[in-house]
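For reference, the structure discussed in these notes is given below.
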Amino acid sequence: QGLYIEKLGNLKKTNDALDLLITKGKEEFIRFMLSSLPVFPPQYVEIKRVNAGLIEVDDEKADELETGKNVCALSQAYV
């Protein structure tokens, strides 16, 4: 993990979302952010439930979920 910092003045010049918030307002900022969310793999909800301890899966299912997540993440790397 690392620490990423930048001066607010520089962010205002280079960050599209922040520029929208400042120039067009909250509603346009929210629309932009929601339209920019990535598509999550179908297993994402199940993975989150497993990670939160809400459901338990056997080792085979855990391997399947882990592989699926990694394959989906890798497929987005070259888009």
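The values are calculated or read from the model by the stated rules, or taken from the named source; none is laboratory data. This structure is a prediction, so every number in the text was calculated from the model and none was measured. Don't worry about glycine lacking a Cβ; one is built from the backbone with ideal geometry, like all the others, and counts go over all protein chains shown. All accessible areas refer to the heavy atoms of the entire protein, side chains included, with ligands and DNA or RNA removed. Shrake-Rupley method; radii C 1.70, N 1.55, O 1.52, S 1.80 Å.
Answer with yes or no whether LYS61 is open to solvent by less than 100 Å² (accessible area, probe 1.4 Å), modelled with pLDDT of 85 or more, in a helix (DSSP H, G or I) and basic (Lys, Arg).
Judged against the criteria, LYS61 is a match.
Sort out which residues of region 1-32 are open to solvent by 80 Å² or more (accessible area, probe 1.4 Å), modelled with pLDDT of 85 or more and either of a type in the set (Ser, Thr, Tyr) or within 18 Å of the chain's Cα centre (by Cα) (or both), and write them in order of number.
Hits for region 1-32 are THR14, THR23, ARG31.
Hey, does region 67-78 have a residue that's at pLDDT 85 or above, in a helix (DSSP H, G or I), over 30 Å from ASP19 (Cβ atoms) and open to solvent by 70 Å² or more (accessible area, probe 1.4 Å)?
no
Kindly list the number of the only condition in (1) at pLDDT below 85; (2) of a type outside the set (Phe, Trp, Tyr); (3) open to solvent by 70 Å² or more (accessible area, probe 1.4 Å) that fails for LYS48.
Just one mismatch for LYS48, condition (1).
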